[in-house]
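Right, one structure below, let's go through it.
The values are calculated or read from the model by the stated rules, or taken from the named source; none is laboratory data. No experiment lies behind these values; they were computed from the predicted model shown. Cβ sites come from the backbone with ideal geometry, for glycine too, and all protein chains shown count toward neighbours.
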Amino acid sequence: MLIAYARQSSSRPANTRIIEIERFPVGQVGAAYFEKPYYILRRGEISQEAFAVIRDAMALEKAVGLARIILSSRERPFLVETIGSGLRGITLRFAQDVRPEHEFFEGHPSVQLPGK
């Protein structure tokens, strides 16, 4: 559910099954940062209303949220977006793991196609 979790002081982060949305970024997060999608479901009756409020508010504002989650004992950046009647989360790569496209394409010749 989309509430807050307390960060543990131990070296291994605790998996609380809770997503903490830290901010709602303006603009788009580049697709180069996307890693793996997950569908987010509410757990139990008590979280149904909170899930619906967050989902509907995000859909109304066409907003996405940036969060942190624990997967495989690692803290990961996580993008949260509405999809249909639910939410989807996408794990994100860290900035240092994304190679800028200009570095990759620099020095490669542009191919000109014939008119036909």
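Considering the range 22-42, and only residues there that are in a loop (DSSP other than H, G, I, E, B) and in contact with a Phe, Trp or Tyr (Cβ under 9 Å, 6 or more places away or on another chain), the residue that is nearest to residue 101 (Cα to Cα) turns out to be 41. You will find that of 68, 55, the residue that is out of contact with any Phe, Trp or Tyr (no Cβ under 8 Å at 6 or more places or on another chain) and of a type in the set (Lys, Arg) is 55 and no other. Against the list (1) modelled with pLDDT of 80 or more; (2) under 17 Å from the mean Cα position of the chain (by Cα); (3) within 23 Å of residue 94 (Cβ to Cβ), the condition residue 41 fails is (3). There is at least one residue in the range 97-109 that is part of a helix (DSSP H, G or I) and touching a residue at least 24 places away in the same chain (Cβ under 8 Å).
Within the range 50-66, the set of residues being more than 15 Å from residue 28 (Cβ to Cβ) and β-branched (Val, Ile, Thr) comprises 53, 54.
Within the range 65-84, the set of residues being among the polar types (S, T, N, Q) and either under 21 Å from residue 55 (Cα atoms) or touching a Leu at 6+ places or on another chain (Cβ under 6 Å) (or both) comprises just one member, 82. Looking across the range 62-85, just one residue is surrounded by fewer than 15 Cβ atoms within 10 Å (Cβ to Cβ) and at pLDDT 90 or above, and that is 83. Apart from one condition, residue 57 fits all of (1) modelled with pLDDT of 90 or more; (2) in contact with a strand residue (DSSP E or B) (Cβ under 9 Å, 6 or more places away or on another chain); (3) under 16 Å from residue 86 (Cβ atoms); the exception is (2). For the range 90-112, a residue qualifies if it is hydrophobic (A, V, I, L, M, F, W, C) and more than 24 Å from residue 77 (Cα to Cα), and the qualifying residues are 104, 105, 111.
Taking the stated definitions as given, is residue 76 in a strand (DSSP E or B) and of a type in the set (D, E, K, R)? So residue 76 fits the description; yes. The requirement of being over 14 Å from residue 30 (Cβ atoms), outside any strand (DSSP E or B) and not aliphatic (A, V, I, L, M) is not satisfied by residue 89.
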